[in-house]
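The values are calculated or read from the model by the stated rules, or taken from the named source; none is laboratory data. In this text, all values refer to a predicted model and were calculated from it rather than measured experimentally. Glycine gets a Cβ as well: all are built from the backbone with ideal geometry, and neighbour counts include every protein chain shown. In case anyone asks, the SASA skips ligands and DNA or RNA and just uses the protein heavy atoms, side chains included. Shrake-Rupley method; radii C 1.70, N 1.55, O 1.52, S 1.80 Å.
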Protein chains: 2
Amino acid sequence: MTTLPPFVHELIGSGPYAHLTTLNADGSPQVSVVWIGIEDDDLVCGHMGVWQKVKNVRRDPRVCVSMLGQKKNAMGLLEYLVVHGRARVTEGGAADLLQRLARIYMGPDVVFPPEPYRRSPGYITRITPERLGGVGPWSPAQR
Amino acid sequence: MTTLPPFVHELIGSGPYAHLTTLNADGSPQVSVVWIGIEDDDLVCGHMGVWQKVKNVRRDPRVCVSMLGQKKNAMGLLEYLVVHGRARVTEGGAADLLQRLARIYMGPDVVFPPEPYRRSPGYITRITPERLGGVGPWSPAQR
């Protein structure tokens with residue numbers, strides 16, 4: 001695992017939409033856009049059901065999480081972060097996590113997920129970062 | 001292949017940053033953020049060198065291209081588009097493509113790529129769409 005540097009905490013704390021790539025049973029890629037948080041140096045995202053990405057992570061833990069940055073580099077290209085990691089799925093706590101993230105992604109007074117979904121325990125995908133890539137201070141020249 | 005509907009042309013024409021997922025030799029996912037265009041119903045992106053994504057596409061054509069939309073759905077979630085497709089790499093024309101896209105992504109008067117990179121023929125990844133996913137008019141309820 002790799003410890004997330006302060007500028008990654010800063011970026012993720014700002015509420016960027018994250019593209020979560022998992023692997024289907026046939027090895028092809030699957031992408032969903034998710035809200036993302038950090039817990040104990042893992043990236044976390046919540047799901048109220050066993051969606052395809054949850055099934056995929058249970059079969060193959062290799063994932064990427066990618067998101068746009070907020071600055072441009074010297075060539076004028078927008079920075080972006082890619083986190084390569086290994087994921088696992090835990091049960092429960094998804095509604096609380098989504099409610100915490102909804103305040104960042106939707107607004108401070110939002111109630112999310114709505115009833116009756118928030119009564120379900122749901123699932124959390126926990127991604128342990130192994131390598132950072134993209135364009136930005138987290139990676140000098142990786143493509 | 002699938003024909004791209006008008007709202008996909010509209011979204012891509014607006015210059016969204018696209019997350020291109022390819023597959024490494026060990027089957028793990030690789031993500032780069034790229035500028036994207038449409039040519040003959042294929043998605044196209046240009047590269048001035050044989051980056052990892054170019055090597056990956058030559059080995060395994062299965063890719064995803066994902067990008068954020070501009071509207072929110074009834075639940076207040078931001079729309080996003082995922083294009084599942086098969087990619088191939090052609091040689092040449094990358095500087096012209098990047099120059100065309102730079103006018104959309106960077107500004108109408110921008111010269112990109114700069115000298116001496118623009119003299120290189122470069123490579124174009126051409127992605128034939130097979131299936132659309134995400135959240136938006138392109139996909140009713142896919143995760």
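Brief remarks follow.
- The residues of the range A:54-84 that are open to solvent by 80 Å² or more (accessible area, probe 1.4 Å) and of a type outside the set (A, V, I, L, M, F, W, C), listed by number, are A:LYS55, A:ARG58, A:ARG59, A:GLN70, A:LYS71, A:LYS72.
- Flag if B:ALA87 is more than 24 Å from A:TYR17 (Cα to Cα) and either surrounded by 20 or more Cβ atoms within 10 Å (Cβ to Cβ) or out of contact with any His (no Cβ under 8 Å at 6 or more places or on another chain) (or both): yes
- Search result, residues across the range A:61-89 that are facing chain B (nearest Cβ under 9 Å) and aliphatic (A, V, I, L, M): A:VAL63, A:VAL65, A:MET67, A:LEU68, A:MET75, A:LEU77, A:LEU78, A:VAL82
- Residue within the range B:58-77 that is in contact with a Lys or Arg (Cβ under 7 Å, 6 or more places away or on another chain), closer than 20 Å to A:LEU20 by Cα and not polar (S, T, N, Q) present: yes
- Residue that is surrounded by the most Cβ atoms within 10 Å (Cβ to Cβ), among those in the range B:3-17 that are more than 10 Å from chain A (Cβ to nearest Cβ) and in contact with a Phe, Trp or Tyr (Cβ under 8 Å, 6 or more places away or on another chain): B:VAL8
- The residue that is nearest to A:LEU68 (Cα to Cα), counting only those in the range A:101-143 that are among the charged types (D, E, K, R) and without any contact (Cβ under 8 Å) to a residue 12 or more places away in the chain, is A:ARG143.
- One residue stands out in the range A:90-117 among those that are touching a helix residue (DSSP H, G or I) at 6+ places or on another chain (Cβ under 7 Å) and facing chain B (nearest Cβ under 9 Å): the one that is least open to solvent (accessible area, probe 1.4 Å), namely A:PRO113.
- Qualifying residue in the range A:37-53 (condition: open to solvent by 10 Å² or more (accessible area, probe 1.4 Å), touching a His at 6+ places or on another chain (Cβ under 8 Å) and without any contact (Cβ under 8 Å) to a residue 60 or more places away in the chain): yes
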